[in-house]
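Data first, discussion second: the structure below is written as structure tokens.
Here, each number is a calculation from the coordinates, and none is a lab measurement. All of these numbers come straight from a predicted model, not from anything done at the bench. Methodologically, a virtual Cβ is constructed for each residue, glycine included, from the backbone with ideal geometry; neighbour enumeration extends over all protein chains shown.
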Amino acid sequence: MKGSCPNCKGVIEFQSTSDFPYFPFCCERCRLLDLGKWMDGSYKVTRGLSEEELMDLPPEDWPTGEGEET
Ligand SMILES: [Zn+2]
């Protein structure tokens, strides 16, 4: 399967999403950067999140780019 990274638009290739830990991003860096982006914009972050905490976020909690805008 092929896709494109929502962060850097780079092409990603994977056998299945379960084989691809950073899906839908091309790499851990893009994933963390993107998470950081929406956290900054949508949530009040009062402390730094560790990489482990970010990794714990289930895909359902990831931003969709839809929804409320204030
Ligand atoms: Zn990327």
Legend entry - For SER4, residues with placed amide H under 5 Å, excluding near neighbours: ILE12
Inset, instruction - Given the peptides 28-36, 4-12, 16-24, arrange them by the average over their residues of other C-beta atoms within 10 Å, most packed first. - result: 28-36, 4-12, 16-24
